[in-house]
Amino acid sequence: MDLRSLALAATVLIVSPVSARDLYSSDIYSPEHPAVRAVQYMAGVLRQRSNRRLLIADIREDSGTTEAFTISQLRLGVLDMARIDLGSLNRLLPEAIAPTLPAMFGSGAHVRKVMDGPIGDQIRTAMERVGLVGLCFYDGGARSFISMNAPIRVLSDLAGVRVRVRTRDTWAAMLGAIGAKPVMMPLSQAPAAMLKGVVEADETDAASFTAGHLKHIAEFYSLTGHSRSIYVVIFSKRVWDTLPSDDQRLIKEAANASVDRFLEMRRNNEAETRGVLSAAGVQLVDDVDRRSFVGAVRRMNSRLVTDLLALDLIAKIRSADTELAKE
């Protein structure tokens, strides 16, 4: 090859763009959900900062599947990333149990102190044991009860009520201990099950309720605020380990940039909750005895949780609330 040809080849290599890499993400919620929109925002940040080289190409709604199946795809490296509820990791990861228990958080500030601090770092580090990389946490807000036949104003109102649960975890055991009848099924089956009377109640945060199908079926949304939705954006470790360190850094930065945007969108969604539910014919019930829920489930946390790692994190989360009160 002569000098002219070598120079031309070098020029082509210099000016040719590096090929883009498509990253595939999954979520069980609809495109209107603040968490899905936050990942879309993350995709925009990543596209810009990588000069269109890293593209989250498909933030699809897999409402027909379960988060357990999504997690298995991530661990196998079949799927690149996803946004899930932290509680879906409870059976795999003891460190995920404590933040998803009822009555663990007193406020949004408490959530941020815990999940954006050393405890959140500990949970993210633990995820690598099970083939996952934790990118960021979203505070999904307070969870409350959806019901068909009657509102849930006090803990005893749950006696004998068939309540949908995601998995047979500590929360399901707590419901059974207070006299409810937990029924395990994926979210996608909940609307039909509620219409047929297979389940009479469910529990979720305001954003998930208003963005989903259950608002067209349920009669009551009782603002018990008994627990908190903690979402996590996760990546397949098998895929992550194939990425250059600079790409890993860009992905983490984009994920962190989406946290405040999610919080803003979630708050806007909550401000519209009353109007959205009223239009759907759902009665918003706010005259509830929250203390009856908090006191009972805190006592059960200590009795039903036996894993030492989970118990240690329960103590750390409660200590963080005490520290926050002193600040």
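The values are calculated or read from the model by the stated rules, or taken from the named source; none is laboratory data. All figures in this text were calculated on a predicted structure; none of them were measured in a lab. Heads up, the Cβs are rebuilt from the backbone with ideal geometry, glycines too, and the neighbour counts pull from every protein chain shown.
For this structure, a couple of remarks:
- Of all residues in segment 192-203 being aliphatic (A, V, I, L, M) and not in a loop (DSSP other than H, G, I, E, B), the one that is nearest to A98 (Cα to Cα): A201
- Filtering segment 199-222 to residues that are at pLDDT 95 or above and not acidic (D, E) leaves V199, A201, F220, Y221, S222.
- R290 vs. criteria at pLDDT below 90, more than 15 Å from T170 (Cα to Cα) and not hydrophobic (A, V, I, L, M, F, W, C): yes
- Looking only at residues of segment 213-255 that are without any contact (Cβ under 8 Å) to a residue 24 or more places away in the chain and of a type in the set (D, E), we find that the one that is surrounded by the fewest Cβ atoms within 10 Å (Cβ to Cβ) is D246.
- In the condition set (1) closer than 28 Å to D241 by Cα; (2) part of a helix (DSSP H, G or I), H110 is compliant with all but (1).
- Scanning segment 194-234 for residues that are hydrophobic (A, V, I, L, M, F, W, C) and in contact with a Lys or Arg (Cβ under 9 Å, 6 or more places away or on another chain) returns M194, V198, V199, A201, A206, A207, F209, L223, V232, V233, I234.
- D321 fulfils the conditions (1) more than 30 Å from M42 (Cα to Cα); (2) in contact with a His (Cβ under 8 Å, 6 or more places away or on another chain) except for a single criterion, (1).
- Residue list for segment 56-85, filter: assigned to a helix (DSSP H, G or I), modelled with pLDDT of 95 or more and closer than 15 Å to L187 by Cβ: I71
- Single condition R143 does not satisfy, out of (1) modelled with pLDDT of 95 or more; (2) not in a helix (DSSP H, G or I): (1)
- Condition check for V285: more than 22 Å from the chain's Cα centre (by Cα), buried (at least 18 other Cβ atoms within 10 Å of the Cβ), at pLDDT 95 or above and not polar (S, T, N, Q): yes
- Candidates are the residues of segment 269-282 that are touching a residue at least 60 places away in the same chain (Cβ under 8 Å) and in a helix (DSSP H, G or I); the one that is surrounded by the most Cβ atoms within 10 Å (Cβ to Cβ) is N269.
- Any chance Q122 is polar (S, T, N, Q), over 15 Å from the mean Cα position of the chain (by Cα), within 22 Å of A35 (Cα to Cα) and not in a loop (DSSP other than H, G, I, E, B): no
- Taking the listed residues D116, D121, the one that is more than 25 Å from M174 (Cβ to Cβ) and without any contact (Cβ under 8 Å) to a residue 12 or more places away in the chain is D121, with no other qualifying.
- Positions within segment 256-267 being surrounded by fewer than 16 Cβ atoms within 10 Å (Cβ to Cβ) and in contact (Cβ under 8 Å) with a residue 60 or more places away in the chain, in sequence order: N256
- On the stretch given as segment 32-46, residues that are within 14 Å of I251 (Cβ to Cβ) and in contact with a strand residue (DSSP E or B) (Cβ under 6 Å, 6 or more places away or on another chain) total 3.
- Search result, residues across segment 159-191 that are within 13 Å of L304 (Cβ to Cβ), in a loop (DSSP other than H, G, I, E, B) and without any contact (Cβ under 8 Å) to a residue 40 or more places away in the chain: R168
- Within segment 153-190, the set of residues being of a type in the set (S, T, N, Q) and surrounded by 21 or more Cβ atoms within 10 Å (Cβ to Cβ) comprises just one member, T170.
- Qualifying residue in segment 309-324 (condition: touching a Ser or Thr at 6+ places or on another chain (Cβ under 6 Å) and surrounded by 18 or more Cβ atoms within 10 Å (Cβ to Cβ)): no
- Which listed residue is out of contact with any helix residue (DSSP H, G or I) (no Cβ under 6 Å at 6 or more places or on another chain) and closer than 30 Å to N51 by Cβ, from F220, F262, F235: F235
- The one condition in (1) of a type in the set (G, A, S); (2) in contact with a strand residue (DSSP E or B) (Cβ under 8 Å, 6 or more places away or on another chain); (3) at negative phi that G141 fails to fulfil: (3)
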